[in-house]
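Single-structure report; data block below.
The values are calculated or read from the model by the stated rules, or taken from the named source; none is laboratory data. This structure is a prediction, so every number in the text was calculated from the model and none was measured. Positions of Cβ are backbone-derived with ideal geometry, glycine not excepted, and every protein chain shown enters the neighbour counts. Calculation scope for accessible area: heavy atoms of the full protein, side chains included, ligands and nucleic acids excluded. Shrake-Rupley method; radii C 1.70, N 1.55, O 1.52, S 1.80 Å.
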Amino acid sequence: MPEFIAKPASLKELWKQLPSLPASRRYLAGGTDLVTADNAGAETSECWVDIGDLPELNGVRETSSAVFIGSAVKVSELERSAPVRKWCPVLLAAVPHFASPSLRNMATLGGNAANASPCADGVCALVAEDACVSLALGGKRRRLPLKDLFSGPKRTALKKDELILGFEVPKRPHTGAYLKLGPRARFGISKAAVALAAELSGRRLTRAAVALGSVAPVPLYAARTSEWLAGRTLSAETAAAAASLVMSEVSPITDARSEAAYRREMCGVLLSRALESLAA
Ligand SMILES: Cc1cc2nc3c(=O)[nH]c(=O)nc-3n(C[C@H](O)[C@H](O)[C@H](O)COP(=O)(O)OP(=O)(O)OC[C@H]3O[C@@H](n4cnc5c(N)ncnc54)[C@H](O)[C@@H]3O)c2cc1C
């Protein structure tokens, strides 16, 4: 544990306090990654800055064009949120796949994104939802497509002290699916995961977005497969062709959880099943 934990009451107070805190400091949200790293001896910061209760990072709000999900919203809260239920079907479908109920009561989407694991379920779903991430550093704010936040395993475009405020999901009527293959049906890190968002006109896909977890150095937006799917009709042939295309977009590795060739093949199987689930 660090020697010091700061707990500002507002964003204004956070920016005021930061310069006086030890240089080696980190934000603490739900702590599910940070405390685990600390227990493993891999976390050595002198100070944690508890942002979990900052009002500006909590709550889900609707604007005329988007749903804003605060970065400190707990994963378990998503299921109870009416705007998430209405406008974020892929994220909603990912929630039961995320760890366990007790973990979901602590874990946040901001921590999921900042931790930048290629297998982050919340991020993978949000990338398929075409989410943008809102960032703040002092008085400066910026916004970028979530898929562009990641540059490698555990690496992001976040600057020192830059804070994830939340995620904006465009309000577009769509449907979707989230399928995850792990060592068990629940409570496991994925070998591969596929998130699919789709706008349908009858059986025709007018827009599709495919994102994948655990099969690339970052949560991957499958641009070629997504573009290819737009305008196609849902059918066994479409599913088979999309499956083969997505397999060419991923770059999985062999590690303790799975083998590269198996992961690649499962990406095709999972996408094919996700497309079939839309047709059902
Ligand atoms: C047993 C177990 C099972 C798990 N299963 C899954 C799973 O199935 N799927 C999955 O995706 N993940 C899983 N995880 C990983 C973890 O729960 C998630 O990544 C979670 O979303 C992290 O959120 P947190 O609020 O706990 O982050 P924290 O641990 O508080 O923080 C993680 C990192 O993000 C930074 N950070 C946090 N919030 C912000 C912010 N707003 N702005 C900038 N930086 C920030 C922190 O400084 C830290 O570096 C599991 C973890 C454990 C221990």
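Can you give the net charge of the other residues whose Cβ lies under 15 Å from the Cβ of Glu237, counting K and R as +1 and D and E as -1? Don't jump to the answer; show the numbers that get you there.
On the way: positive: Arg203, Arg204, Arg232; negative: Glu276.
Net local charge, Glu237 excluded: +2.
Under 17 Å between alpha carbons: how many lysine pairs meet that in the chain, if sequence neighbours fewer than 8 apart on the same chain are excluded?
9
Please work out the average accessible area per residue across the chain, using the 1.4 Å probe convention, and give it in Å². Write down the numbers at each step before the final one.
Working: 12570 Å² over 280 residues.
Accessible area per residue: 45 Å².
So what's the net charge close to Lys160: Lys and Arg +1, Asp and Glu -1, counting the other residues with Cβ under 11 Å from its Cβ? Please report the intermediate quantities before stating the final value.
Details: positive: Arg25, Arg26, Lys159; negative: Asp161, Glu162.
Surrounding charge for Lys160 is +1.
Can you give the helix-only mean residue ellipticity at 222 nm for the chain, where every DSSP H stretch with n ≥ 4 adds -39500 (n - 2.57) and the sum goes over all residues, rounded to the nearest 500 deg cm²/dmol?
Working: 11 runs with 89 residues, N = 280.
Dividing the helical sum by the residues of the chain leaves -8500 deg cm²/dmol.
Among the DSSP beta bridges whose two residues both lie in the chain, what percent are antiparallel, rounded to the nearest 5? If you can, show how the numbers build up before the last one.
On the way: 41 of 48 bridges.
DSSP beta bridges in the chain are roughly 85 percent antiparallel.
Keeping the other protein chains in place, figure out the carbon and sulfur percent of the accessible area of the chain, with a 1.4 Å probe.
Working: 6810 of 12570 Å².
Carbon and sulfur together cover 54 percent of it.
Is the C-alpha gyration tensor of the range 57-170 telling us rounded, prolate or oblate? Criteria: a/c under 1.5 is rounded; beyond that, a/b larger than b/c is prolate, otherwise oblate. Working shown, then result.
Values: a/c = 1.56, a/b = 1.21, b/c = 1.29.
It is oblate, given that a/c is not under 1.5 and a/b is not larger than b/c.
Where the centre of each part is set by its Cα atoms, how far does the range 207-263 sit from the range 19-55, in angstrom?
Spelled out, the Cα-based centre of one part sits 34 Å from the other.
Report, by chain and number, residues whose modeled amide H sits under 5 Å from the one on Ala192, excluding near sequence neighbours (fewer than 5 apart, same chain).
Here the answer is Leu181, since their amide H atoms fall under 5 Å of that of Ala192.
In the chain, which helices (entire DSSP H runs) extend 18 Å or more along their own long axis, judged by Cα positions, while averaging at least 0.5 on the Kyte-Doolittle scale? Don't skip to the answer; put the middle values down first.
Values: long enough: 236-249 (20 Å, 0.81); 260-279 (29 Å, 0.36).
Flagged H segments are 236-249.
Taking the mean number of other Cβ atoms within 10 Å as a proxy for protection, how do you rank 214-222, 234-242, 118-126 from highest to lowest?
Highest to lowest by the protection proxy: 118-126, 214-222, 234-242.
Order the following by accessible area, largest value first: Lys74, Lys86, Lys16. Probe radius 1.4 Å; ligands, DNA and RNA are ignored. Numbers along the way, then the final one.
On the way: Lys74 45, Lys86 145, Lys16 165 Å².
Descending accessible area places them as Lys16, Lys86, Lys74.
Express in Å², to the nearest 10, the accessible area of Leu179 obtained by rolling a 1.4 Å probe over the protein heavy atoms while all chains stay in place.
So the heavy atoms of Leu179 present about 50 Å² to solvent.
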